[in-house]
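**Q** This structure is in structure tokens; I'll ask about it shortly.
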Amino acid sequence: DYDSLGLYYSESGQATHYLTQKMPVLWTFRDSAEVVALGNSHMQAAVAPELLSMPAINLSTIPCDMHCIENLYETYISTHFSHLKYLVVGIDFDLWDEYEPGESMALNFGDAPGFRYDYNHDYWRGEIDSAFVERAVKVAEAYKMQSDIIDPRGWMRTECISDWGSDGKEFADVVVDSTWSDDSRRYELNYAQLDKILKIAEQHDVMVIGLITPVSPYYKKTGSYGRHGMRRSDAEILIERLKTVESKTKNFVLMDENKMGNHDYLGDVAYDYDHLCWTGAEKLTARLDSLLIKLESKR
């Protein structure tokens, strides 16, 4: 009785999130994707799966901290993606203050019955077939939430509005006071989730790539790492910690494309202060592809 299958959409008028649109992508490519990208809006804008040389999808959603990434990986991805080799996770420690554990997933699920239905059926371990996928896609089409998201495999192309080059406006928006980064509790909670991800990935012979996406280089002229107010000094400490994780963990690679603002994403590559546009995504995805090819040669 598949009465709630694929109903990832609110029927009460509650706001829906990008995850509702990404679920048909998840089910459609579960048997073919070798690369899955998970994260928030930064990752959603930055990685274009169709430009990678390996079968890939982008399941990023908003909001999505490390608790969200771990949840999606453990329940859906590790369960159904038998060909997965690489998990690309967004490392956005400047956003780790926004939600309590589990809150970001609750916002993504909302009151949509489909997510509860999956939970109640143990995420359909060993029960997915073509009829299941067809049903989920048809429900998405019926709710007019399908849009054009399956062809680009979950990537949402953004327009090029902001100039990060020398001719751009020298301004970087900071919307949160930096004092929040004095609280290390949120960091530790998110690092604990990253550790869980790495342990699950190791069991499935999956390599995890921690991706730090670039933000406007003009943040170097401020005391903030990015838009969300983290002190640059705190960000440097957390990046060094990630490098330590990389050195001690066989299945983790850090891909820092921001380099504390000392990157080469200049000119018309951005949508705003901290999101790439489609030209920036092409550049970043090409570099990710080179890394994947290098890692693949060592498997």
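The values are calculated or read from the model by the stated rules, or taken from the named source; none is laboratory data. Model, not experiment: these values are computed from the prediction. Positions of Cβ are generated from backbone atoms using ideal geometry, with glycine treated the same way; all protein chains shown enter the neighbour counts. Ligands, DNA and RNA are excluded from the accessible area calculation, which covers all protein heavy atoms including side chains. Shrake-Rupley method; radii C 1.70, N 1.55, O 1.52, S 1.80 Å.
**Q** Rounded, prolate or oblate: pick one for the range 167-297, where a ≥ b ≥ c are the square roots of the eigenvalues of its C-alpha gyration tensor, a/c under 1.5 means rounded, and failing that, prolate if a/b is larger than b/c, else oblate.
**A** It comes out oblate by the Cα gyration axes.
**Q** Sticking with this structure for a sec: Using a probe of 1.4 angstrom, how much of the accessible area of the chain is carbon and sulfur, in percent?
**A** So the carbon and sulfur contribution to the accessible surface is 49 percent.
**Q** May I ask you to order 57-69, 82-94, 261-273, 219-231 by the average number of other C-beta atoms within 10 Å around their residues, highest value first?
**A** Final packing ranking: 57-69, 82-94, 219-231, 261-273.
**Q** At what distance in nm do the modelled label points of Asp31 and Ser184 sit from each other, each positioned 7 Å from its Cα along Cα→Cβ?
**A** If labels sit at Asp31 and Ser184, their model points lie 4.9 nm apart.
**Q** With just the Cα atoms of the range 45-91, tell me how far they stretch along each of the three principal axes, in Å, largest first.
**A** The Cα atoms of the range 45-91 stretch 29, 26, 14 Å along their principal axes.
**Q** Please report Rg over Rh for the range 1-136, where both radii come from the alpha carbon positions and Rh follows the Kirkwood definition.
**A** Rg/Rh: 0.94.
**Q** Loop only per DSSP, at most 14 neighbouring Cβ atoms within 10 Å: give me the GluC sites (Glu not before Pro) in the range 245-299, ordered by residue number.
**A** Answer in residue order: no site qualifies.
**Q** Please sort 42-50, 285-293, 23-31 by packing, taking for each peptide the average over its residues of neighbouring beta carbons within 10 angstrom, highest first.
**A** Highest to lowest by the protection proxy: 42-50, 23-31, 285-293.
**Q** Would you list which lysines come within 29 Å of Lys250, measuring only between C-alpha atoms, while excluding same-chain residues fewer than 8 positions from it?
**A** Answer for Lys250, where 29 Å is the Cα cut-off: Lys85, Lys196, Lys199, Lys259, Lys283, Lys294, Lys298, listed by chain and number.
**Q** Between Ser290 and Lys221, what is the FRET efficiency for a Förster distance of 30 Å, r being their Cβ-Cβ separation, to the nearest 0.05?
**A** Plugging the Cβ-Cβ distance into 1/(1 + (r/R0)^6) gives 0.45.
**Q** Can I ask one more? Below 8 Å, C-alpha to C-alpha, sequence gap of six or more: please give me the relative contact order for the chain in percent.
**A** 26 percent
**Q** Report ³J(HN,Hα) in whole Hz for each residue of the range 206-219, in order, from the Karplus equation J = 6.51 cos²θ - 1.76 cosθ + 1.60 where θ = phi - 60°; Gly and Pro get x.
**A** Along the range 206-219, the couplings run 10, 8, 9, 10, x, 9, 9, 7, x, 10, 3, x, 6, 5 Hz.
**Q** So with the 1.4 Å probe, I'd like the accessible area per residue for the range 214-299, rounded to whole Å².
**A** On a per-residue basis, 46 Å².
**Q** Continuing with this model, one more query. Please report the Cα spread of the chain along all three principal axes, rounded to whole Å, starting with the longest.
**A** Computed over the Cα atoms, the extents are 59, 44, 37 Å.
**Q** What's the extension gain from Asp122 to Glu159 if we count 0.36 nm per residue and subtract their Cα-Cα distance?
**A** Between Asp122 and Glu159, full extension yields 9.4 nm more.
**Q** Moving to a separate point now. Okay, which of the range 91-121 sit inside 18 Å, backbone N to the point 7 Å along the Cα-Cβ direction of Asp272?
**A** It comes to 92-99, nothing else.
**Q** What accessible area, in Å² to the nearest ten, does a 1.4 Å probe give for Glu141?
**A** Accessible area of Glu141: about 100 Å².
**Q** Something else: With Kirkwood's inverse mean 1/r over C-alpha pairs for Rh, give me the Rg to Rh ratio of the range 248-299, two decimals please.
**A** 1.05
**Q** Something else now. Going by amide H atoms built from the backbone, whose H comes under 5 Å of the H on Asp256, apart from near neighbours?
**A** It is Ile212, by chain and number.
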